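Right, one structure below, let's go through it.
Coordinate-derived values only; no laboratory data. If you're wondering where the values come from, they're calculated on a predicted model, not measured in any experiment. Virtual Cβ from ideal backbone geometry, glycine too; neighbours counted across all protein chains shown.
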Amino acid sequence: MLEDGFGREVSGVRVSLTDRCNFDCVYCHNEGLGDTRGPMEPAEDEMSTDDVVRFLEVAREFDVGKVKFTGGEPMLRGDLEEIIRRTPDGMETSLTTNGTYLPGRAEALAEAGLSRVNVSQDAMDPEAFRELTKSNGYEDVLAGVDAALDAGLAPVKLNMVVFEHTAGYVPEMVEHVASNDGLQLQLIEYMPELAGRPEWAVDIDRVHGWLKEQATRVEHREMHDRRRYYVAGDDGGEGMVEIVDPVGNANFCANCHRVRVTHEGYLKGCLNRNDDLKPMGEMTKPEIREAFRETVAERVPYYGEYLVREDGDWVLNEKYLDPQPAD
């Protein structure tokens, strides 16, 4: 397993299969690339099925044990089942999706080898959902969650981005997962450094504090320094709620074990950076191996290394400034 200069082994990869999406969520940052979403038709620059599988085969050579497929909306790829089926043995597959295409495909995905699924759902009210996603897909998302559960993909993790527009919906979402077996909730801190509009950010510590008051027990995960809160439902059930809070969190970055791949086939060592994109050439295995090794070797924690504290603010570490040409 490859390790960067900060002792962080790379045990997982996150592969974007497309930048296309049938939603237009107000907070979208498209895997850190910004608003690059194109038309709904497949683009020539998307990695082919063989390209994706070839990359995964190389990643498996380096003992990478997990891959998460993302987008855009990865289920716009008609070859998704084939990609999952051809993923190397010993590599766990998961998927992040808006859920609208899961009805009718969840069973086939599970049969192909999909292990887990994350479904984006930011509200329990159709009108609020429409405002957040610019979509009328609320009922389709609910049906998609049910389809995933029916296909044996439990637990289904619901992803909810917490910011000014959604913070008031958190209690209802927590109750929803606490009262429905097979569901978990992942509260994702809004990242203004990627999505813009810093005025939309909320104090995530207040969410932590509220959940701690509601929880029957709390777990601490070393991975990304996350907290898991277990909350009892009104029907006697219990739901797990996990907070993903990377903003200004050096401990989070110190525990990052992922490398990302863009839909165009660029390696990306950090979600928050686009100055580290590395092409994999013609996607031959030797080229992929070389680029993967270089990407891992050049990875640095975003908070605490790439950015450092100075007078209470996070500023770019001078060692990562572009060198100035000599006079």
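Around Glu111, what is the net charge, scoring Lys/Arg as +1 and Asp/Glu as -1 over all other residues with Cβ under 14 Å from its Cβ?
Values: positive: Arg85, Arg86, Arg105; negative: Glu81, Glu82, Glu107, Asp150.
So the environment of Glu111 carries a net charge of -1.
Amide H to amide H, which residues 5 or more places from Val117 or on other chains are under 5 Å from it, using H placed in the peptide plane?
Leu95, Lys157
Taking every pair of alpha-carbon atoms in the range 114-199, what share in percent sits in each 5 Å bin, from 0 to the bin with the longest distance?
3, 14, 24, 25, 19, 11, 4, 1, 0
Would you kindly state how much longer the chain becomes between Asp205 and Arg217 on full extension, computed as 0.36 nm times their sequence separation minus their alpha carbon distance, in nm to one decimal?
Details: separation 12, 0.36 × 12 = 4.32 nm, distance 1.75 nm.
Value of the extension gain: 2.6 nm.
Would you be so kind as to identify which of Tyr306, Val261, Thr93 lies farthest towards the positive end of the dipole of the chain, taking Lys and Arg as +1 and Asp and Glu as -1 on Cβ and the Cα centre as origin?
Value computed over the given set: Thr93.
Which whole-Hz couplings ³J(HN,Hα) result when phi for each residue of the range 137-154 is put into the Karplus expression 6.51 cos²θ - 1.76 cosθ + 1.60, θ = phi - 60°, listed in order with x for Gly and Pro?
x, 4, 5, 5, 5, 4, 5, x, 4, 4, 5, 5, 5, 5, 7, x, 8, 6
Within the set Lys212/Lys268; Lys66/Lys268; Lys157/Lys285, which residue pairs have Cα atoms separated by over 23 Å?
Pairs exceeding the cut-off: Lys212/Lys268; Lys157/Lys285.
Taking the Cα centre of the range 12-300 as the origin, how large is its charge dipole in debye, to the nearest 20, when only Lys and Arg (+1) and Asp and Glu (-1) carry charge on their Cβ atoms?
Dipole size: approximately 820 debye.
If I take every Cα pair under 8 Å that is 6 or more residues apart in the chain, average their sequence separation and divide by the length, what percent do I get for the relative contact order?
Contact order relative to length: 18 percent.
Positive end of the dipole of the chain, charges at C-beta (+1 Lys, Arg; -1 Asp, Glu), about the Cα centre: which of Gln184, Ile84, Val64 has its Cα farthest in that direction?
Sorting the options by dipole projection puts first Val64.
Helix-only estimate, please: 222 nm mean residue ellipticity of the chain, summing -39500 (n - 2.57) across DSSP H runs of length 4 or more and dividing by its residues, to the nearest 500.
-8000 deg cm²/dmol, from helical runs alone.
Please list, ordered by chain and number, the residues whose modelled amide H lies under 5 Å from the amide H of Glu238; skip anything fewer than 5 residues away on the same chain.
For Glu238, the qualifying residues are Gly233.
May I ask for the net charge around Arg86, where only other residues with Cβ less than 12 Å from the Cβ of Arg86 are counted and Lys, Arg are +1 while Asp, Glu are -1?
-4
Would you mind checking the range 1-15 for residues with the amide N under 20 Å from a putative spin-label position 7 Å along Cα→C-beta of Lys319?
Only 3-10 pass the distance filter.
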